[in-house]
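The values are calculated or read from the model by the stated rules, or taken from the named source; none is laboratory data. Since this is a predicted model, take the numbers as computed values, not measurements. Virtual Cβ from ideal backbone geometry, glycine too; neighbours counted across all protein chains shown.
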Amino acid sequence: MNRTDTILIAGGRVYDHDGDTDQPAYADVLIEGDRIARVGPHLAATVGAVGRTIDGRDKLVVPGFVNAHYHSHDALLKGCFETIPLELWLLRALPPSWPKRSKEEVRARTLIGAVEALHSGITTIQDMLTVFPFDPEHVEVALDAYQELGVRTVFALQIGNIPGVERVPFWKEMIPPDKHRYLSASVEPFAGIHPIDAVMAEYARHRGRRSLVDWALGPTSPEFCTPDFLERLAALSAEHALPVYMHINESKAMTLAGRLFMPEHGGSQVKYLRATGLIGPRVNLAHSIWMLPEEIDILAETGTNVVLNPVGNMKSKSGVPPIRDFLVRGVNVALGCDNCACSDAQNMFQGMKMLAALSAASEIEPGPPSAADALRAATLGGARTAGLERALGAVKPGRKADLSLIDLTSPAFVPFNSAARQLVFTESGGDVETVIVDGQVVLDRGRVTTISESELRDAIQVLMPGVRRDLAVVETRVKELEPYLMRAYRKAMAADVGTNRLIGQK
Ligand SMILES: [Zn+2]
């Protein structure tokens, strides 16, 4: 019997989180439909004819990475910015500062971000998308792009109901009132529709329509959401079993917003969330940098997940998260690549290496995370944020067939001393050869199979003059605001928030 929806990966070494992470065992992998059916030695002799056999010799088979924090809205802005503070960056890069984009641009940016991700072995993308001004057609275009490309997506619309000028510390009082209309956060309140109503209408319209798209909720961050807003999202998350992705304590200024605007919660954004009920295993807190020990305890006690984005956090001067504290206290740690305009790469190898290296640079004693810990964060940790920890993150029977084949003849793996350490410390992503998502080969020996990359490049080339024109306008405006923004930024950086997460600063 020749079953066309079966794939046999024959003769490779299969990375197993629970096995020998230095010298993974040789095993064949049988994929039936969207699932891994069997993993074991010499399967070829027993399974009969299959739709396709992939030669796994000199290959390492690894679980697909789960990028647990990303935004596709600025995917065309990679390489546009130097290392600038988060609050100056967001005014340049994020949708509320920009005129409305075209559907063609939404499609192109969604695809190029996801194509870059696939090339480095990311098989699941958590896209926390800002559609501003809100337009249901843009949601449709983005979801169709993911499904067509064949990458798994956990989709959340980013929403909030308090304007940026009200909650970024010192903006309102230090920036002239006639400039306030140019000040915005990652998302602003929608005009004419309650943001949660907009999200739930989209959820009702799209749920179950695309095999690769799961839904989640995306309140931007606690300080931009009123208590009743968060309480309603907590109820919806429970009712529909929807994961929740949110930023928290990313920059020092964001942390200071908690101290200034949440006095009834001791200035703690985490305690504010706990009071609204938006905490627990379905809640995923991106960045979590400026966390106090008692806040980490709350995350551990409630099973709340953190999603660390070490590369973008360095570039935006946000700081170093308490990585080891999270791991030692049993907080689930996932990894994200965050925005193309601040990370800038959609590359989990960079993220894993930075996770291990930053923890090393901020702790005197040797200790976690190990390379294998970083790989767990990039796979199983991310899967857990979506409630998919039993479906994704490992090459094991019964799981979704989301995996990559990595070329072990590359100099990065010669000599082959340790799969885990060479994946984390040596590999850069260029040796990801073949990627399978949901049982479909979407990257075949380095080439995307589902769309034309050259047509996508051509489409982006057509779009870029308009993007660059708008960027120039945004840049000019932010430059005029910069003296005021810098004063507010410096005042926030001089404040005491009870912890320090910046290297070399007292
Ligand atoms: Zn983000």
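Structure values in brief
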| item | result |
| --- | --- |
| Listing of strands (runs of 3 or more DSSP E) fully contained in region 399-475 that carry 2 or more residues being out of contact with any strand residue (DSSP E or B) (no Cβ under 6 Å at 6 or more places or on another chain) | 440-444 |
| Only listed residue being of a type in the set (D, E, K, R), away from the ligand (no atom under 15 Å from the Cβ) and not in a helix (DSSP H, G or I), chosen from E365, E301 | E365 |
| Sole exception among (1) of a type outside the set (S, T, Y); (2) under 23 Å from K252 (Cβ atoms); (3) away from the ligand (no atom under 13 Å from the Cβ) for W89, by number | (3) |
| Selected residue (only one of A286, A234, A257 is in contact with a helix residue (DSSP H, G or I) (Cβ under 8 Å, 6 or more places away or on another chain) and under 30 Å from A345 (Cα atoms)) | A257 |
| Identity of the residue in region 473-506, of a type in the set (G, A, S) and more than 17 Å from L183 (Cα to Cα), that ends up surrounded by the fewest Cβ atoms within 10 Å (Cβ to Cβ) | G504 |
| Cross-chain or 6+ apart pairs with Cβ under 6 Å, region 403-428 first and over 25 Å from Q440 (Cβ atoms), then charged (D, E, K, R) and surrounded by fewer than 18 Cβ atoms within 10 Å (Cβ to Cβ) | T409/D58; S418/D22 |
| Filtered residue count, region 213-252, keeping only those that are more than 28 Å from E389 (Cβ to Cβ), more than 13 Å from the ligand (Cβ to nearest atom) and either touching a residue at least 40 places away in the same chain (Cβ under 8 Å) or touching a Cys at 6+ places or on another chain (Cβ under 9 Å) (or both) | 5 |
| Failed criterion for V168 (all others in (1) surrounded by 23 or more Cβ atoms within 10 Å (Cβ to Cβ); (2) among the β-branched types (V, I, T); (3) more than 16 Å from the ligand (Cβ to nearest atom) hold) | (3) |
| Of residues in region 279-303 being among the β-branched types (V, I, T) and either surrounded by 24 or more Cβ atoms within 10 Å (Cβ to Cβ) or touching a Phe, Trp or Tyr at 6+ places or on another chain (Cβ under 9 Å) (or both), the one farthest from F81 (Cα to Cα) | I296 |
| Count of residues meeting criterion [small (G, A, S) and loosely packed, with under 12 Cβ neighbours inside 10 Å] in region 438-465 | 2 |
| All helices (runs of 4 or more DSSP H) inside region 144-232 with 1 or more residues being closer than 23 Å to A286 by Cβ, among the charged types (D, E, K, R) and modelled with pLDDT of 95 or more | 164-167, 195-206 |
| Of all residues in region 310-362 being free of Cβ contacts under 8 Å to residues at least 40 places away in the same chain, over 29 Å from A108 (Cα atoms) and assigned to a helix (DSSP H, G or I), the one that is nearest to the ligand (Cβ to nearest atom) | F326 |
| Qualifying residue in region 60-76 (condition: over 30 Å from V154 (Cα atoms), part of a strand (DSSP E or B) and away from the ligand (no atom under 16 Å from the Cβ)) | no |
| From V29, V47, residue being modelled with pLDDT of 95 or more and buried (at least 17 other Cβ atoms within 10 Å of the Cβ) | V29 |
| Hits in region 253-298 - residues which are of a type in the set (S, T, N, Q), more than 16 Å from the ligand (Cβ to nearest atom) and either part of a helix (DSSP H, G or I) or at pLDDT below 95 (or both) | T276 |
| Residue in region 273-282 that is closer than 21 Å to H71 by Cα and either in contact with a helix residue (DSSP H, G or I) (Cβ under 7 Å, 6 or more places away or on another chain) or of a type in the set (F, W, Y) (or both) present | yes |
